[in-house]
Amino acid sequence: MVAHYIVENKEEELIDFAKVEGVAWAQHSLTLAFKLEWVHAIRRTLWYFLYQFEEEHGDGDTSREKFFHLEKSINDNVDQFLNNFFISYSDYKDEQLRSHKKLVENLSVPIIPVNSTIAVLPLIGMIDSYRVNALEEKVLMEISSLKVQTLIIDLSGIAEMELDVIFQFKKILYGINMMGCKAVLTGLRVELVRNIVESGVEFDSLVDIKGTLQQTLKEHL
């Protein structure tokens, strides 16, 4: 198909086919190295075919001008195919990455409504700068959309936070407070408490601190 479009100089069909191929290769996670080998093989085959055709059916005109005109036409079409293929492939992969990133952000900030006014946010794993930024955006949006009045943040799955993350986390608590929502921290582990104390950051004025999630839910429900 590619060879046909190249020889016939069908630029529009060649570009459309390249875009379709780019998406197909991205969907099936086929390697670009293999595609390059495939295109180079087509390029070599085309030139061999044209050489044989000229040998058998040529009119004897082997001028330099004719050769360079043919060389430019074919190579330009091959490059046109490659450029559009790579752009299509890259655009599809970028969109996949954006979708996966959005999914990870949603999974990393799982706000669970308990009733019409109370929600629980269980945090598990490492909280880095990227995740705490996603946390801030998602928490404030969810408080607004769900009309949450009390947000219980369970930190029993968090062992430690870096200093810069602790400062960012305080900003989140401040934002929750500004939204008219009451924040409750539960499940603080010894390592995390030590980090917070050493950082000099104080949360007392912004949150209530409880021992366990079970205890807090029992009190509020």
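The values are calculated or read from the model by the stated rules, or taken from the named source; none is laboratory data. Only a predicted model underlies this, so the values are computations on that prediction, with no experimental measurement involved. Every residue, glycine as well, gets a Cβ built from its backbone with ideal geometry; the counts of neighbours run over all protein chains shown. Areas reflect the complete protein model, heavy atoms only, side chains present, ligands, DNA and RNA absent. Shrake-Rupley method; radii C 1.70, N 1.55, O 1.52, S 1.80 Å.
Given the criteria within 30 Å of residue 28 (Cβ to Cβ) and surrounded by fewer than 17 Cβ atoms within 10 Å (Cβ to Cβ), does residue 98 qualify?
Yes, satisfied.
Can you name the residue in the stretch 166-221 that is more than 13 Å from residue 151 (Cα to Cα) and of a type in the set (Gly, Ala, Ser) and, of all such residues, is most open to solvent (accessible area, probe 1.4 Å)?
205
With the requirement that a residue be within 24 Å of the chain's Cα centre (by Cα) and polar (S, T, N, Q), what does the stretch 145-170 give you?
168
Can you tell me how many residues in the stretch 12-43 are among the hydroxyl-bearing types (Ser, Thr, Tyr) and within 11 Å of residue 85 (Cβ to Cβ)?
0
Return the total of residues in the stretch 21-36 being buried (at least 16 other Cβ atoms within 10 Å of the Cβ) and outside any helix (DSSP H, G or I).
Number satisfying all stated conditions: 0.
Hey, among the residues in the stretch 8-18 that are open to solvent by 40 Å² or more (accessible area, probe 1.4 Å) and touching a residue at least 40 places away in the same chain (Cβ under 8 Å), which one's farthest from residue 49 (Cα to Cα)?
Looking at the filtered set, the residue picked out is 17.
How many residues, within the stretch 159-194, are closer than 20 Å to residue 221 by Cβ and out of contact with any helix residue (DSSP H, G or I) (no Cβ under 7 Å at 6 or more places or on another chain)?
2
Look at residue 156 and say whether it is touching a residue at least 24 places away in the same chain (Cβ under 8 Å), touching a helix residue (DSSP H, G or I) at 6+ places or on another chain (Cβ under 9 Å), of a type in the set (S, T, N, Q) and surrounded by fewer than 17 Cβ atoms within 10 Å (Cβ to Cβ).
So residue 156 fits the description; yes.
Scanning the stretch 143-159 for residues that are over 13 Å from residue 113 (Cα atoms) and assigned to a loop (DSSP other than H, G, I, E, B), which turns out modelled with the lowest pLDDT?
Filtering first and then ranking leaves 159.
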